[in-house]
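Here's the structure we're looking at; comments come further down.
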Amino acid sequence: MSTLHIIVGSLKFTAQLEEDAAPKTCAAFRQLLPFRNKLIHARWSGEAAWIPLGDFDLGLGFENHTSHPAPGQILLYPGGFSETEILFPYGGTRFASKVGQLAGNHFLTVTNGTAQLREMGQLVLWQGAQDILFEHTE
């Protein structure tokens, strides 16, 4: 199983790719690494932050999809009813958009740094958009 480093502002996490449950999503995301973007607070999903990706098409369907990720279970929504996005839950989450409940592909799980998830959420909520980096571990 492959692991990634995730950096949000000054917070560091390690996460495991869910290659058995979401192989196509993991392979597509791996091609984007290192992946840099901005992480903003979710509008409709509860205690989560997200990376809006607009009409970015990774050519994916649904696999290992859920609407109720646990904190640290990162989802990739491949688009369709709403825009493509990555959801990064830090607390109670029900994945949704302005069109209603969504399901995203659970492809990445935080394994180290989980104690910092709430701090990450508060940072994004009260300080605004934060730089985020996903990269291979060395």
In segment 111-126, what residues are open to solvent by 10 Å² or more (accessible area, probe 1.4 Å) and within 26 Å of residue 19 (Cβ to Cβ)? 111, 112, 113, 114, 115, 116
Can you name the number of the only condition in (1) within 12 Å of the chain's Cα centre (by Cα); (2) farther than 15 Å from residue 120 by Cβ; (3) in a strand (DSSP E or B) that residue 4 fails? (1)
Pick from segment 71-80 the residues that are surrounded by 15 or more Cβ atoms within 10 Å (Cβ to Cβ) and part of a loop (DSSP other than H, G, I, E, B): which of them is nearest to the chain's Cα centre (by Cα)? 72
Which count do you get for residues in segment 104-127 that are farther than 30 Å from residue 81 by Cα, of a type outside the set (Gly, Ala, Ser) and either in contact with a Cys (Cβ under 7 Å, 6 or more places away or on another chain) or assigned to a helix (DSSP H, G or I) (or both)? 3
What residue, among those in segment 12-25 that are over 15 Å from the mean Cα position of the chain (by Cα) and in contact (Cβ under 8 Å) with a residue 40 or more places away in the chain, is most open to solvent (accessible area, probe 1.4 Å)? 23
Given (1) surrounded by fewer than 19 Cβ atoms within 10 Å (Cβ to Cβ); (2) under 21 Å from residue 32 (Cα atoms), where does residue 91 come up short, assuming only one miss? (2)
Between a residue in segment 36-49 that is outside any strand (DSSP E or B) and any residue that is among the polar types (S, T, N, Q) and buried (at least 18 other Cβ atoms within 10 Å of the Cβ), which pairs come within a Cβ distance under 9 Å, given they are 6 or more apart or on different chains? 42/93; 45/93
Determine the pairs where a residue that is farther than 13 Å from residue 88 by Cα and part of a loop (DSSP other than H, G, I, E, B), located within segment 50-69, has a partner that is open to solvent by 90 Å² or more (accessible area, probe 1.4 Å) and at pLDDT 95 or above with Cβ atoms under 7 Å apart, the partner being 6 or more residues away or on another chain. 60/24; 63/24
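The values are calculated or read from the model by the stated rules, or taken from the named source; none is laboratory data. These numbers come from a predicted model, not from an experiment. We place every Cβ from the backbone using ideal geometry, glycine too, and count neighbours over all the protein chains shown. Accessible surface areas use protein heavy atoms only, side chains included; no ligands, DNA or RNA. Shrake-Rupley method; radii C 1.70, N 1.55, O 1.52, S 1.80 Å.
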